[in-house]
Amino acid sequence: MNKVLAILMEPAQYTLDRNSAIYDPMGIDYIYLRGESVASNVQVSAEDRLEKGILSRFRSARSYLRNYDTVIINGYNSLEFILFWMLNLWYKKVIAIESDTPLRIPQTCLKRLLKFLYLHLIFSPKWIYGLAGGSVSHVQLFSHYGMPTNRIYLMPMVIDTNKFIKLKKDLNKNSSSIFRFLYVGRLVECKDLPVLLQAFSTLNKKHNNTELVLVGNGELESQLKGQWNNYKGITFAGVQYGECLLDFYRKSDCLILPSKSEPWGLVVNEALAAGLPVIVSDSVGARWDLVENPNTGIVFPTGNAEELGKAMEKMISDSDFYQSCSKNAADLMHNHWNFTFYKKCLEEFLHETGKSQ
């Protein structure tokens, strides 16, 4: 029987949910690189995370390669990945890189060269596989840097959509005269929140029945509050978890993610699972699989407040478009892009790679 170990970055809520629903029933072991999540209040015990220290990590990597047939590792830049990769030149086990990073070509020649050399090197062995979080740009990352297509598998970025079933059923967009836009995430520079706030303030002057709620905290919190906290219609709700966060999705009408850089954006999954249409920048990795082709919302050019404003205007004024996006959102997340789909992709990968072992 193929023994599988997953090396996970951190105990984020979506990984805990996935482990419980898929990894545990399939008998897949897992361990974390970090003991706590950056984006939530989740922590794991010392026995569930890798030891610190280079020598300890080396010994752990060697032991795992001796005892497992397949190792799935989140990302390709960690010390643990490099140790596993180097040691596997001897053990020749299956190592799969699970990545939510889309293809981005560095702007400077030196960075392009260094990235090209590094990724071509680590992608070249026949025992290295790519598990792409999305089916378009995330797959292109592996293929662009030399990994053959027969070693690239889709491993979708998913959440526990069952948590949102009640929200989906109860959602009624005509129950309130207020149209509420929602942002969920860190209040940091890469999220491009000034563009969102600027677009909303312009829209609100024309449509005073609109609100914008920002859920989260971060290094820009004080600055943004100083500029906008007294603006009518804008609410800074702080960090929210669990049922409290679900309640914000329940009471909102549209999620906006205006990021300048966003490898995926799991808040898009959450909003869609709640039946909310979304507006995202074209720098959000989830746009290809979850927004554009399924027609669940609008993609606007990164940093363009005017185009973002037009997208918000359409959500408010075009009821048929809004209802269509809402229906498509719920259908996509509850009938396709979910744990069942992830398990199917994982089983296909393990079956195909198991043939060669």
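The values are calculated or read from the model by the stated rules, or taken from the named source; none is laboratory data. Only a predicted model underlies this, so the values are computations on that prediction, with no experimental measurement involved. Virtual Cβ from ideal backbone geometry, glycine too; neighbours counted across all protein chains shown. Heads up: the accessible areas ignore ligands, DNA and RNA and are worked out on the full protein's heavy atoms, side chains in. Shrake-Rupley method; radii C 1.70, N 1.55, O 1.52, S 1.80 Å.
Is the shape of the range 165-313 rounded, prolate or oblate, going by the alpha carbon gyration tensor and its root eigenvalues a ≥ b ≥ c, with a/c under 1.5 for rounded and a/b larger than b/c for prolate? Cα axes put the range 165-313 in the rounded bin. Computed from point charges on the beta carbon alone (+1 for Lys and Arg, -1 for Asp and Glu), the dipole magnitude for the range 198-357 about its Cα centre is near 280 Debye. As I understand it, the value is the acute angle between the Cα axis of helix 193-206 and the longest principal axis of the Cα atoms of the chain; what does it come to in degrees, rounded to 10? The angle comes out at about 20 degrees. Taking a ≥ b ≥ c as the square roots of the eigenvalues of the Cα gyration tensor of the chain, is the shape rounded (a/c under 1.5), prolate (a/b larger than b/c) or oblate? Verdict is prolate for the chain.
Here the range 297-357 is treated with +1 on each Lys and Arg Cβ and -1 on each Asp and Glu Cβ, and its dipole about the Cα centre works out to around 240 debye.
The HN-Hα couplings worked out from phi for the range 283-290 by the Karplus form 6.51 cos²θ - 1.76 cosθ + 1.60 (θ = phi - 60°) are 9, 8, x, 6, 4, 5, 8, 10 Hz, whole numbers, x standing for Gly and Pro. Amide hydrogen proximity for Leu131: with H placed 1.01 Å from N in the peptide plane, the residues at 5 or more positions away or on another chain lying under 5 Å are Ile97, Glu98, Ser99, Tyr153. Efficiency by 1/(1 + (r/R0)^6): what FRET value for Ile82 and Ser177, r their Cβ-Cβ distance, R0 = 51 Å, to the nearest 0.05? FRET efficiency, Ile82 to Ser177: 0.35. Within the same chain, lysines fewer than 8 places from Lys126 are excluded, and of the rest, those with a Cα less than 21 Å from its Cα are Lys3, Lys92, Lys93, Lys115, Lys355. Rounded, prolate or oblate: pick one for the range 229-357, where a ≥ b ≥ c are the square roots of the eigenvalues of its C-alpha gyration tensor, a/c under 1.5 means rounded, and failing that, prolate if a/b is larger than b/c, else oblate. Prolate shape, in that a/c is at least 1.5 and a/b is the bigger ratio.
Accessible surface calculations at 1.4 Å, restricted to protein heavy atoms, place the range 65-136 at 49 Å² per residue. The equivalent ellipsoid of the range 50-128 has semi-axes of 25, 14, 11 Å, largest first, where each one is the square root of 5 times an eigenvalue of the Cα gyration tensor. Along the axis of the charge dipole computed for the range 301-357 (Cβ charges of +1 for Lys and Arg, -1 for Asp and Glu, origin at the Cα centre), the listed residues Phe321, Asn338, Asn304 are led at the positive end by Asn338. Rounded to the nearest 20, the Cβ-based charge dipole of the range 244-332 about its Cα centre (Lys and Arg +1, Asp and Glu -1) stands at 140 debye.
Computed from Cα positions, the angle between helix 339-354 and the longest principal axis of the chain comes to roughly 20 degrees. With θ taken as phi - 60° and the Karplus curve 6.51 cos²θ - 1.76 cosθ + 1.60 applied, the whole-hertz 3J(HN,Hα) list for the range 61-66 is 4, 5, 5, 5, 5, 6 Hz, x standing for glycine and proline. Derived scalar couplings between HN and Hα for the range 75-80 equal x, 9, 10, 7, 4, 4 Hz in order, rounded to whole Hz, by the Karplus curve 6.51 cos²θ - 1.76 cosθ + 1.60 (θ = phi - 60°), x for Gly and Pro. Ligands, DNA and RNA left out, the 1.4 Å accessible surface of the range 68-192 is 59% carbon and sulfur atoms.
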